[in-house]
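Student: The structure follows.
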């Protein structure tokens, strides 16, 4: 299928590349690296990124400002399983062709004739883009290699998550060797954090509530964000740091986002599968790492309650030796 993707890229002069709302380093890394690889291979093509830019990802380089659609345009969507979560696309049917490159579990097909490469065994969308470049005439340089590295490292949490396969290690090792990547230099912008975020993290650790079953959760208001001089994206940036807490199996950060008039929900698990619950609340994601956006405040407690029930069933199966979720 990589050759089919390459042939569509080669066919179109105008290409737009999109990612999911609330982008993370993998969403940015996969789209930015793909854009730059296409331009390196075909310098005369019109290739731009859709979606909201962010100062948080300034180390990736400049984000594009462009209109969503023009006639005879190819859309490539990375790291996004469902249409409602695509950032910057109002009507996917206006594009002449659509390609999906994703590692999330399948939710829906974008168009009847869309070309969709889904590999849930890949660590990240960035890993899939790396394979695409390696297996087609698309070109790469050190900048593109760095963008892919950031995406893979972030989504695997430096290979600590179980989505890191032997192939992932092999691909990244070759990438480092071939392009002489300076790992320490690349880690710094990815993990360097403002002091305000560290203080907010301390507040979360001290004030997280824990259910009897072991769901940890905290509700962060806009007033709290103002007090710590951070924004609504900050709690989601640090949720991975709360892994491996004894007797906490699922943890949820609920953050008020006044600007977008909703609540950002970040969910992680080290046991029960959580993405099916997230999908019920206008979100989705991976089995053990998901998110949602809620506008109705009454749904927040319902989500926490439902995740607590999922955990309770998981723990019962664990006690009875019936669990096969892992």
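The values are calculated or read from the model by the stated rules, or taken from the named source; none is laboratory data. Computed from a predicted structure; not experimentally measured. Reconstructed Cβ throughout: ideal geometry from the backbone, glycine too, with neighbour counts over all protein chains shown.
Student: Considering 63, 110, 42, which residue is free of Cβ contacts under 8 Å to residues at least 60 places away in the same chain, within 25 Å of residue 188 (Cβ to Cβ) and touching a helix residue (DSSP H, G or I) at 6+ places or on another chain (Cβ under 9 Å)?
Tutor: 63
Student: Then there's this: Going through the range 104-131 one residue at a time, which ones are out of contact with any strand residue (DSSP E or B) (no Cβ under 7 Å at 6 or more places or on another chain) and buried (at least 22 other Cβ atoms within 10 Å of the Cβ)?
Tutor: Matches in the range 104-131: 122, 123, 124, 126, 127, 130.
Student: Pick from the range 67-83 the residues that are surrounded by 15 or more Cβ atoms within 10 Å (Cβ to Cβ) and modelled with pLDDT under 90: which of them is nearest to the chain's Cα centre (by Cα)?
Tutor: My answer is 68.
Residue-wise test of (1) in contact with a helix residue (DSSP H, G or I) (Cβ under 7 Å, 6 or more places away or on another chain); (2) touching a residue at least 40 places away in the same chain (Cβ under 8 Å); (3) not assigned by TED's automatic domain parsing to the domain that holds residue 54.
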site: 232; (1), (2), (3): yes, no, yes
site: 293; (1), (2), (3): no, yes, yes
site: 305; (1), (2), (3): no, no, yes
site: 309; (1), (2), (3): no, no, yes
site: 315; (1), (2), (3): no, yes, yes
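Condition check ((1) out of contact with any strand residue (DSSP E or B) (no Cβ under 7 Å at 6 or more places or on another chain); (2) in a strand (DSSP E or B); (3) within 28 Å of residue 322 (Cβ to Cβ)) across all residues:
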| position | (1), (2), (3) |
| --- | --- |
| 201 | yes, no, no |
| 225 | yes, no, no |
| 235 | no, no, no |
| 265 | no, yes, no |
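Student: Among the residues of the range 163-195, which ones are assigned to a loop (DSSP other than H, G, I, E, B) and more than 22 Å from the chain's Cα centre (by Cα)?
Tutor: Within the range 163-195, 180, 181, 182 meet the criteria.
Student: Restricting attention to the range 71-107, which residues are in contact with a helix residue (DSSP H, G or I) (Cβ under 6 Å, 6 or more places away or on another chain) and in a loop (DSSP other than H, G, I, E, B)?
Tutor: Matches in the range 71-107: 79, 103.
Student: Taking the range 119-133 only, how many residues are out of contact with any helix residue (DSSP H, G or I) (no Cβ under 8 Å at 6 or more places or on another chain) and either assigned by TED's automatic domain parsing to the domain that holds residue 287 or free of Cβ contacts under 8 Å to residues at least 24 places away in the same chain (or both)?
Tutor: Adding up the residues that qualify gives 1.
Student: I want to confirm something. Restricting to the range 212-247 and keeping residues that are crowded, with 17+ Cβ neighbours inside 10 Å and over 23 Å from the mean Cα position of the chain (by Cα), which single residue is farthest from residue 303 (Cα to Cα)?
Tutor: The qualifying residue farthest from residue 303 (Cα to Cα) is 228.
Student: Next question, about the same structure. Take the residues in the range 118-161 that are outside any helix (DSSP H, G or I) and within 20 Å of residue 81 (Cα to Cα), then tell me which one is nearest to the chain's Cα centre (by Cα).
Tutor: Looking at the filtered set, the residue picked out is 124.
Student: Let me ask something else about it. Which residue out of 14, 84, 10 is assigned by TED's automatic domain parsing to the domain that holds residue 116 and free of Cβ contacts under 8 Å to residues at least 40 places away in the same chain?
Tutor: Only one candidate qualifies: 10.
Student: Considering the range 147-206 alone, what residues qualify as being free of Cβ contacts under 8 Å to residues at least 60 places away in the same chain, surrounded by 12 or more Cβ atoms within 10 Å (Cβ to Cβ) and on the phi > 0 side of the Ramachandran plot?
Tutor: 158, 159
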